[in-house]
Amino acid sequence: MWAWSASALCCRAATAANIKLQVVPFKAGYHPAMVGSFTVLGFEDPKVGPIVHIGALGSATVIDDQQRVRIYEEAWTDLMGTAASHDRSITMIRQAAKEM
């Protein structure tokens, strides 16, 4: 089932202009996002700053303090710099699916 799902994801991501898929390889080692997931949400209204949503089983936190939000934005930027490119990520997922 995982192989089929990964294949379907790759097909969709490879053809959709609004999807950017990036994988952080294990060999990259530690990165700030390893401690938990977070989402940085930006808004079109320039008067409304970005916020961070941190979700966990049974709880959620929203951070709107811009100084704290910048920490997450920097972590996201670092993570994207560590991640493989979109095309390379699709290749990596397809290869892993074949090996399953």
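The residue list Ile90, Ile71 contains one member that is in a helix (DSSP H, G or I), closer than 27 Å to Arg12 by Cβ and in contact with a helix residue (DSSP H, G or I) (Cβ under 9 Å, 6 or more places away or on another chain), which is Ile90. Restricting attention to the stretch 50-68, the residues being outside any strand (DSSP E or B) and touching a Phe, Trp or Tyr at 6+ places or on another chain (Cβ under 8 Å) number 1. For Ala97, the stated conditions hold: it is surrounded by 11 or more Cβ atoms within 10 Å (Cβ to Cβ) and either part of a helix (DSSP H, G or I) or at pLDDT 90 or above (or both). Kindly check whether there is at least one residue in the stretch 47-64 that is open to solvent by less than 70 Å² (accessible area, probe 1.4 Å) and touching a residue at least 40 places away in the same chain (Cβ under 8 Å). Checked against the condition, which is being open to solvent by less than 70 Å² (accessible area, probe 1.4 Å) and touching a residue at least 40 places away in the same chain (Cβ under 8 Å), the stretch 47-64 yields no hits at all. Here Val40 fulfils each of the conditions (1) within 16 Å of Trp76 (Cβ to Cβ); (2) among the β-branched types (Val, Ile, Thr); (3) open to solvent by 80 Å² or more (accessible area, probe 1.4 Å) apart from (3).
Contact map, the stretch 70-94: residues that are over 11 Å from Val23 (Cβ atoms) paired with residues that are β-branched (Val, Ile, Thr) and modelled with pLDDT of 90 or more, Cβ distance under 6 Å, separation 6+ or inter-chain. Pairs shown: Tyr72/Val40; Tyr72/Val52; Glu73/Val40; Trp76/Val40.
Taking first residues from the stretch 17-46 that are in contact (Cβ under 8 Å) with a residue 12 or more places away in the chain and partners that are assigned to a loop (DSSP other than H, G, I, E, B) and of a type in the set (Val, Ile, Thr), the Cβ contacts under 7 Å between residues at least 6 apart in sequence or on separate chains come to His31/Val24.
Those residues that are in a helix (DSSP H, G or I) and either under 16 Å from Val52 (Cβ atoms) or β-branched (Val, Ile, Thr) (or both), I need them from the stretch 15-41; list them, please.
Thr15, Pro32, Ala33, Val35
Regarding the stretch 4-19, can at least one residue be identified that is surrounded by 14 or more Cβ atoms within 10 Å (Cβ to Cβ), modelled with pLDDT under 85 and touching a Phe, Trp or Tyr at 6+ places or on another chain (Cβ under 9 Å)? Among the residues of the stretch 4-19, not one is surrounded by 14 or more Cβ atoms within 10 Å (Cβ to Cβ), modelled with pLDDT under 85 and touching a Phe, Trp or Tyr at 6+ places or on another chain (Cβ under 9 Å), which makes the answer no. Scan the stretch 11-66 for residues that are out of contact with any Lys or Arg (no Cβ under 9 Å at 6 or more places or on another chain), under 30 Å from Met92 (Cβ atoms) and among the small types (Gly, Ala, Ser) and the total you get is 11.
The values are calculated or read from the model by the stated rules, or taken from the named source; none is laboratory data. Note that this is a predicted model, so its numbers are computed, not measured. Reconstructed Cβ throughout: ideal geometry from the backbone, glycine too, with neighbour counts over all protein chains shown. Heads up: the accessible areas ignore ligands, DNA and RNA and are worked out on the full protein's heavy atoms, side chains in. Shrake-Rupley method; radii C 1.70, N 1.55, O 1.52, S 1.80 Å.
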